[in-house]
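Worksheet for the structure shown next.
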Amino acid sequence: MKNIILSCIVCSLSAVGMLNGQNTSVQNIDTRVEALLAKMSLDDKIGQLNQVVGDISTGTDVSKDDLLKQVRAGQVGSILSHTNFENKITLQKTALKSNLGIPLVFGFDVIHGYKTIFPIPLAQAASWDMDLIERIERVAAAEAAADGQNWTFSPMVDISYDPRWGRVMEGAGEDPFLGSRVAEARVRGIQGKDLSDPTTIAACVKHFAAYGFAEGGRDYNSVDISEQKLREMVLPPFEAAAKAGAATFMNSFNTINGVPASMDKHLITDILRGEWGWKGMIVSDWASFGETITHGAAEDEVDAATKCLSAGSDMDMVSGVFQKGLRKALEKGRVTQAQIDEAVRRVLRLKFALGLFDDPFRYLDSKRRAATLEKPEHRELAREAAAKSMVLLQNDGGLLPLNPSGPFRRIALIGPFADSRTNKDYMSFWTLGVGNPYYDSTKVVTPAQALKTELEKKGFLLTVTEVCLNATCTEKDYSLARDAARDADLVILCLGENGLDCGESRCVSTLELRKEQEKILKYLPSGKPTVMVLFNSRPMDFKLAAEKAQSILVAWQPGYEAGNALADVLTGKVNPSGKLPMTFPRSVGQVPIHYNHLNTGRPQQNFGQMWTSGYLDQPSTPAYPFGFGLSYTKFSYSKISMSKSAYKRGETVDVSVTVTNTGDVAGEEVVQLYIRDMSADISRPVKELKGFQKIRLEKGQSKIVSFRLSEKDLSYWNRDLKFKADPGTFKVFVGGNSRDVQEMSFELQ
Ligand code: NOJ
């Protein structure tokens with residue numbers, strides 16, 4: 001039977017244009033899908049909509065467990081999180097022996113690298129370097145593809161204002177414009193130009209939608225959100241990813257205004273498939289079809305299957321709801337055969353587009369695997385990425401970069417992250433937990449390892465003192481830190497969060513450095529020059545460090561090349577150019593906090609000003625604003641130049657500024673453009689990012705940086721439920737962060 005099916009469908013078409021568009025290959029895929037669909041029984045069809053978990057959860061030998069039986073019986077369309085390469089071959093062979101021999105598609109969370117571990121996605125976003133992000137994803141996808149994965153549950157494009165939420169590490173931060181550009185870059189990197197190229201895999205844009213707006217920053221919690229906020233803050237990156245050709249989407253766990261996202265017809269059918277015309281396949285999140293029952297929005301599996309399928313969802317990740325409920329739902333007349341067929345078509349189209357029918361083993365070539373995984377150039381890219389992601393928040397007196405001819409020769413490297421390579425450090429939960437089992441602590445270059453070599457080469461002397469490694473810092477830890485600092489000219493403190501402090505289900509109610517690490521600063525001899533390096537997955541607060549440390553460098557969770565990248569930045573080999581993709585609050589009490597807030601009727605100008613929108617105990621401004629990050633050089637901005645002061649609708653608005661490197665070394669700057677609509681029909685944010693460019697300037701060099709705004713950029717989701725630009729005054733701002741900007745106005749007529 002397998003041969004008959006394969007012979008009727010084999011042809012060597014590429015799936016260019018992915019699943020959108022109507023080019024020849026898509027039409028050919030459609031013909032092949034219809035031919036196959038006509039042969040499928042109801043059980044075959046329901047089987048294709050079923051995704052089950054592989055060895056990452058069960059840890060079992062597939063030959064012994066139930067998985068093979070289910071695959072052989074045609075009850076499985078996809079397996080997620082399967083690691084063992086040989087077993088994937090066995091599973092694929094077994095699928096080919098099932099009734100119609102439909103190949104499996106293997107899905108995997110490739111979140112910040114597959115075998116080569118890169119910085120967390122939030123860190124990557126801090127690079128504001130879309131080419132870099134695309135290259136990272138290209139490598140991650142090529143490694144995953146070579147290891148038999150065909151599909152990644154990435155990019156996560158959830159916007160969030162809430163650093164308490166553990167999953168902010170997985171997104172691109174708080175801004176929908178930056179988030180959209182990152183989403184597109186990730187899709188381009190993962191899928192390449194052609195999904196049928198076996199070094200590319202299918203992307204899965206998640207979590208649709210509004211998962212990052214969970215109440216209280218608590219994972220899986222409910223979301224209450226206006227349509228306007230949904231359209232302006234949440235959906236743009238999803239739309240951008242859909243338009244970039246993303247093959248699949250994933251539902252989110254949360255309810256949105258009471259409706260579980262997996263059964264939200266408004267989102268899936270009206271907006272995603274309707275308004276955006278997206279043609280791909282949508283998978284549930286882990287058991288989210290089943291959780292519609294727990295939400296209290298479905299009575300049982302039949303009801304859940306009916307509601308999820310009817311909303312437009314296609315594949316059931318592990319809940320078994322479709323297996324248990326879909327046949328009955330059909331028999332009861334609650335869903336139609338046509339609805340089931342449509343979902344199956346979408347699954348089959350994906351498999352055809354990936355070329356799995358042409359060669360089910362095209363991702364299972366052991367020679368390619370050996371030649372692709374962890375190539376040295378992948379490590380080089382990981383180093384470049386980690387260095388370009390780091391954000392310099394403070395550098396009083398130009399303490400950094402470390403100067404071999406300066407007064408500080410003896411350096412004390414202190415802290416829990418100085419040399420530790422346990423699988424709790426430097427890496428996010430995704431690299432440690434169910435997401436990626438490939439984390440190998442022996443592959444991490446620690447700060448101590450890299451700095452020992454790099455600094456001693458330059459004539460510095462380095463001591464390494466690990467403290468606060470377990471549980472709470474003890475008095476002994478503090479005194480060890482003090483002694484090490486006393487004998488040094490300069491201290492580098494490596495503090496932060498463990499990998500297990502962030503990611504899914506890892507939310508926090510305080511943003512202070514864990515285990516009282518910051519208190520180490522109190523024990524250091526007064527006035528000791530200090531650099532704090534923060535290994536973090538989220539915005540944190542560190543008031544004491546801001547007072548006591550001259551330099552603060554946000555290194556995030558940088559991946560395998562942590563130490564080398566840090567050495568590159570501390571020594572000035574790489575001039576830091578990262579900018580915060582999320583506001584860093586003064587304390588958790590300010591959360592949610594974001595730069596693109598409304599003005600209110602009583603904006604606070606100064607702390608303490610009564611009857612304004614503020615706090616009694618601290619200013620309402622953040623510790624570090626969105627878009628902020630220092631360099632070892634300085635950049636000056638000219639006044640903004642615009643050719644006119646009034647524009648007609650439909651005309652583009654050209655804005656330019658001259659940026660000059662006025663410091664002593666070459667550097668990169670992220671030039672950011674924001675607007676404010678001053679006279680819309682509703683209140684508009686005080687600033688909205690509408691453009692950015694990352695430029696490199698040699699010492700003394702100037703560049704004119706130009707931006708073009710379209711009417712769409714000036715539009716907002718208005719009270720008639722449409723995107724529209726109102727006539728009136730707009731402000732335009734350009735600068736190196738969202739706070740320190742040049743300003744100009746123009747009229748839209
Ligand atoms: C649940 C997570 O929410 C989702 O992002 C992930 O892709 C799936 N588990 C599969 O691991």
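The values are calculated or read from the model by the stated rules, or taken from the named source; none is laboratory data. As the structure is a computational prediction, the values presented were derived from the model and not from experiment. Here Cβ is always computed from backbone atoms with ideal geometry, including for glycine, and neighbour counts include all displayed protein chains. Accessible surface areas use protein heavy atoms only, side chains included; no ligands, DNA or RNA. Shrake-Rupley method; radii C 1.70, N 1.55, O 1.52, S 1.80 Å.
If R0 equals 22 Å, the separation of the Cβ atoms of Gln693 and Lys193 corresponds to a calculated FRET efficiency of about 0.35.
Looking only at the range 481-504, which residues have a backbone nitrogen under 17 Å from a spot 7 Å from the Cα of Lys522 in the C-beta direction? Label zone hits: 481-483. Length gained on full extension, Lys703 to His597, computed as 0.36 nm times the residue gap minus the Cα-Cα distance: 35.0 nm. Within the assembled protein chains, the solvent-accessible surface assigned to Thr652 is about 60 Å², based on a 1.4 Å probe. With the helix formula -39500 (n - 2.57) applied to DSSP H stretches of n ≥ 4, the chain reaches a computed 222 nm mean residue ellipticity of -8500 deg cm²/dmol. If R0 is taken as 60 Å, the Cβ-Cβ distance between Gln742 and Thr463 corresponds to a FRET efficiency of 0.85. Residue by residue, the range 655-663 carries 3J(HN,Hα) couplings of 10, 9, 8, 9, 10, 10, 7, 9, x Hz when phi is fed to the Karplus relation 6.51 cos²θ - 1.76 cosθ + 1.60 (θ = phi - 60°); x denotes Gly or Pro. Carbon-plus-sulfur accessible fraction, the chain (probe radius 1.4 Å, protein heavy atoms only): 50%. With a Förster radius of 45 Å applied to the beta-carbon distance between Glu342 and Arg410, the computed FRET efficiency rounds to 0.05. Hey, can you list the DSSP H helices of the chain whose Cα span along the axis is 30 Å or longer and whose average Kyte-Doolittle score is at least 1.6? Helices passing the filter in the chain: none found. Sites listed here are trypsin sites (Lys or Arg not before Pro) in the range 579-660 whose DSSP assignment is loop and whose Cβ has at most 13 other Cβ atoms within 10 Å: Lys639, Lys644, Lys648, Arg649.
Ordering Ile704, Ile552 by accessible surface, largest first, gives Ile704, Ile552; the 1.4 Å probe counts only protein heavy atoms, with every chain in place. Given their separation in residues at 0.36 nm each and the Cα-Cα distance between them, Gln605 and Glu34 gain 199.1 nm when the chain is fully extended. A 1.4 Å probe, protein heavy atoms only, puts the accessible area of Met250 near 0 Å².
Seen from Leu104, the other residues with C-beta closer than 11 Å to its C-beta sum to a net charge of +3, counting Lys and Arg as +1 and Asp and Glu as -1. Remark: relative contact order (the range 377-590) = 35 percent; criterion is Cα-Cα distance under 8 angstrom and separation of 6 or more residues.
Taking Lys and Arg as +1 and Asp and Glu as -1, the other residues whose beta-carbon sits under 13 Å from that of Glu512 total +2. Cross-link reach is defined here as a Cα-Cα straight distance under 19 Å, omitting same-chain residues fewer than 8 places apart; for Lys648 the aspartates and glutamates meeting it are Asp677, Asp681, Glu711, Asp713, Asp726, Glu747.
Using C-alpha pairs below 8 Å separated by at least 6 residues, the relative contact order for the range 529-573 is 42 percent.
Counting only protein heavy atoms and a 1.4 Å probe, the chain has 36 square angstrom of accessible area per residue.
A 30 angstrom limit on the alpha carbon distance is what I want to check against. Which of Lys279/Lys724; Lys375/Lys515; Lys307/Lys712; Lys519/Lys699 exceed it? Violating the 30 Å Cα-Cα cut-off are Lys375/Lys515; Lys307/Lys712; Lys519/Lys699. Normalised by the number of residues in the chain, the mean separation of alpha-carbon contacts (under 8 Å, six or more apart) gives a relative contact order of 13 percent.
Computed on the Cα trace of the range 635-748, the radius of gyration divided by the Kirkwood hydrodynamic radius gives Rg/Rh = 1.03.
Heavy-atom accessible area, probed at 1.4 angstrom with all protein chains present, ranks His378, His597 as His597, His378, highest first.
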